[in-house]
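Colleague: I have a structure here, written as structure tokens, and I will follow up with some questions on it.
The values are calculated or read from the model by the stated rules, or taken from the named source; none is laboratory data. For clarity, every value in this text was computed on a predicted model and none was experimentally measured. Cβ atoms come from the backbone with ideal geometry, glycine included; neighbour counts cover every protein chain shown.
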Amino acid sequence: MVNDKAILVGVDGSDASYKATWWAANYAKHAGLTLQIVCAYSLPSYAAVSFDAAYSSMGDDVAAHSDAQQILSKAKAIADEQGVQAVTLIVTGDPSSVFVELSRNYDLIVIGNRGKGGLAERLLGTTSSSLPAYAYCPIVVVPYTDDDGNMMHLNNTISKVAVGSDESKWGLKALEISAQFAHAWGASLDVISAVPNVSGLTGSDSAEEQTVMDSYLEDLDERIKPLQKRYPDLEINKKVVPGSAVEALTQSSKNHDVVVVGSRGRGGFTGLLLGSTSQGLLQHAVSPVYVVPRKFVESAEAGVKQAASSTEQDQFTALEDITGVEKITVDRAEHIDDIESTIDPLRNEKD
């Protein structure tokens, strides 16, 4: 991969956003991509909705700007620890709308989940403001803890990738991207197809049920044939499971480093991404979830270039069209051992 593409990671001062920064920096280093870190806030109530509680002193734009610089300096230090020199940005405006607009300029956006603070809530909390549903580039959502509050460990290397597969164009694009991602890491790829439960059929062990399962497996075989030809050395495993795709992929997140899924924005996997807290994959996954949004797929079909321009200067010229974007230089924060141990207590045991 070439160095003219960029990843954007959003930070708000929460441990979850710093963990997302760690993942984004590690991936950027591996893939040869540039990393940009953005802190977005809105006035006058920036403290209530944008920053973590640790940075919630009320004040005017000067105070908010200062808080954002402190947050960025810590995030920059985390990226530096991964050997990545990150560019830092401050954006004023509603985070949900700003991030959707920024997504036109990047290959990937990374955000954290389950941290204290407003960013994750604003970007993931509701259908109307959900970044994975409306973004123009893929989104990676990095979990902070599991449902029981246990800290999730992130590895330096990715060895197992899972993808939810169906015959929709969103599912096919997710499958394609998951293969590219797994191949780049030298990882194995598990392709999962979920068969909806049918009353009187599912769990009956009948010939009819086996016929349905075999039909899904045949369809899955056809979908992965192009990938096997394109990546002959990629280990691809097929799995057809009865029941909920949400449950199957949530379970897969427990033993895979990344789970990839497509989002139609309406129907299909929408419930997987935008459903209730008790059902959504994003709310219960314990590994990063790589979301391929509807708008990204539709733009790719139309031949619209998703990435920013090929030079950093051109890229910032494009970003200047977005109101409130400011490229800013911040000093690296010192003494970040406490941050790193907080976001991942097993950091010294990483592969």
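Colleague: When segment 268-286 is examined, which residues are found to be among the β-branched types (Val, Ile, Thr) and either at pLDDT 50 or above or in a loop (DSSP other than H, G, I, E, B) (or both)?
Modeller: First, pick out the residues of segment 268-286 that are among the β-branched types (Val, Ile, Thr): 270, 277, 286.
Hits for segment 268-286 are Thr277, Val286.
Colleague: Within segment 12-33, track down each residue that is at pLDDT 90 or above, within 20 Å of Ala68 (Cα to Cα) and of a type in the set (A, V, I, L, M).
Modeller: Passing the criteria: Ala20, Ala24, Ala25.
Colleague: Next question, about the same structure. Which residue is modelled with the highest pLDDT, if the candidates are limited to segment 239-267 and must be within 20 Å of Glu222 (Cα to Cα) and buried (at least 16 other Cβ atoms within 10 Å of the Cβ)?
Modeller: Val260
Colleague: So which pairs qualify, if the first residue must be in segment 214-229 and on the phi > 0 side of the Ramachandran plot and free of Cβ contacts under 8 Å to residues at least 12 places away in the same chain, the second must be assigned to a helix (DSSP H, G or I) and of a type in the set (S, T, N, Q), the Cβ gap must be under 8 Å, and the two must be at least 6 apart or on different chains?
Modeller: none
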